[in-house]
1. So ALA164 ticks every box in (1) farther than 28 Å from ALA83 by Cβ; (2) surrounded by 13 or more Cβ atoms within 10 Å (Cβ to Cβ) but one. Which box is left unticked?
2. Run down HIS360, HIS368 and say which single residue is modelled with pLDDT under 95 and surrounded by fewer than 18 Cβ atoms within 10 Å (Cβ to Cβ).
3. From the list ALA219, ALA190, ALA208, exactly one residue is in the same structural domain as LEU284 (by TED's automatic domain parsing), crowded, with 20+ Cβ neighbours inside 10 Å, touching a Pro at 6+ places or on another chain (Cβ under 6 Å) and more than 30 Å from THR28 (Cα to Cα). Which is it?
4. Looking at SER77, SER95, which one is in contact with a Lys or Arg (Cβ under 7 Å, 6 or more places away or on another chain) and either in a loop (DSSP other than H, G, I, E, B) or assigned by TED's automatic domain parsing to the domain that holds ALA363 (or both)?
5. Residue under question is ALA27, and the condition is that it be touching a Gly at 6+ places or on another chain (Cβ under 6 Å), touching a residue at least 60 places away in the same chain (Cβ under 8 Å) and either at positive phi or among the hydrophobic types (A, V, I, L, M, F, W, C) (or both); does it hold?
6. Give the stretch 171-183 a look and list any residue that's part of a loop (DSSP other than H, G, I, E, B), surrounded by 13 or more Cβ atoms within 10 Å (Cβ to Cβ) and modelled with pLDDT of 95 or more, or say none.
7. Looking at (1) at pLDDT 95 or above; (2) in contact with a strand residue (DSSP E or B) (Cβ under 6 Å, 6 or more places away or on another chain); (3) not charged (D, E, K, R), can you tell me which one SER168 breaks?
8. Any idea which of ALA94, ALA83, ALA90, ALA62 is touching a residue at least 12 places away in the same chain (Cβ under 8 Å), closer than 25 Å to GLU34 by Cα and over 23 Å from the mean Cα position of the chain (by Cα)?
Amino acid sequence: MATNSAQKLALLILEDGTVFRGAAYGATGSTLGEAVFSTGMTGYQETLTDPSYAGQIVVQTAPHIGNTGVNEEDAESRKIWVAGYVVRDAARRASNWRSERTLDEELIEQGIVGIQGIDTRALTRHLRSAGSMRAGIFSADAAQRPEAELLDEVKNSVPMAGRALADSVSIDEAYTVEPKNFGWDSEPKATLVAVDLGIKSMTPERFAERGVRVHVVPASSTLEDINGYNPDGVFFSNGPGDPATADTQVQLLQSVLKQGTPFFGICFGNQLLGRALGFGTYKLPFGHRGINQPVLDKLTGKVEITAQNHGFAVDAPVEGTVQAPEAEFGTVEVSHVGLNDQVVEGLRCLDIPAFSVQYHPEAAAGPHDSAYLFDRFIDLMLEKKN
């Protein structure tokens, strides 16, 4: 059972032997995962409840965390998904009119083991140099064990490369999000099937705000399941794990593309479109996580500030138009590029109605530079529908 963590010793141990000593935060005990850092200055509750962080120990680079507490409204899914949580200065009290409880209370309630009071700037710089790696947080009684023993436990944990996690975070049963602020006597603009690979709750809401009925379905759904809704388009969401493990969803997507149904994917969905077209994927050294990632839209020449959370990327030529390795899908181009490292941030098919981006246009919390992508996909669905 979770206990009060105040002033109890905690250790963060990385697989390269680096040790950070601090105090327990949230639940006490031990936890293992991939240590990654998120550069967002706000939105810690959305980060914690983003299913894409499953299996990861998240380091917040912003020094003060927990100031505004937590509430039911801002959660992006049904629970906290991070494997562990690392902060520098945890708020001693929550101070916001929307706060319903403290972050510490929420972490304890959901059994999330964390650590506070460490130099997260030094940790982030280390992960930027050495790359994301396996780690463990050990607090209270667990922190009293020999460090060599704890390090062995970290080294024997499962690495992120090769992990299949999308099915474990997906829903078990489909649900529907109806259009918002749309006339009660009006028909939806379009019907969309969104495959939940770790979807954030704001994503179907963004479609619903634009008059689209969204059927959210499990990651295990078949083409028959999807076509049963007679959709005008199919959407693949964000999600955790290694895209190289998602063979079932890649085959499903290929079937969707072959029948000509308009497709839009974000984050994990972008990686799966890349795989469906025949491109490979690879693991980034430390990934992109936060709400301040600059991306170039090659079509317009505009720079978007985007929300991102991914540790894998598509291996495709950044310049020019190329034939998809899976030739039946025609030509494709990289539509968006990350300005920090030239990583593929979007794909656009030129011969079939499909495109994707590596980031989160629903952006809760912010920014909203990429909201136009929802309108672009709705236009694509309506064009095909009419």
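The values are calculated or read from the model by the stated rules, or taken from the named source; none is laboratory data. Values in this document were obtained by computation on a predicted structure and should not be read as measured data. Ideal geometry is used to build each Cβ from the backbone, glycine not excepted, and the neighbour counts take in all protein chains shown.
1. Failing condition for ALA164: (1).
2. None of the others qualify; the one that does is HIS368.
3. From the options ALA219, ALA190, ALA208, the qualifying one is ALA208.
4. SER77
5. Yes, satisfied.
6. ILE171, ALA174
7. (2)
8. ALA90
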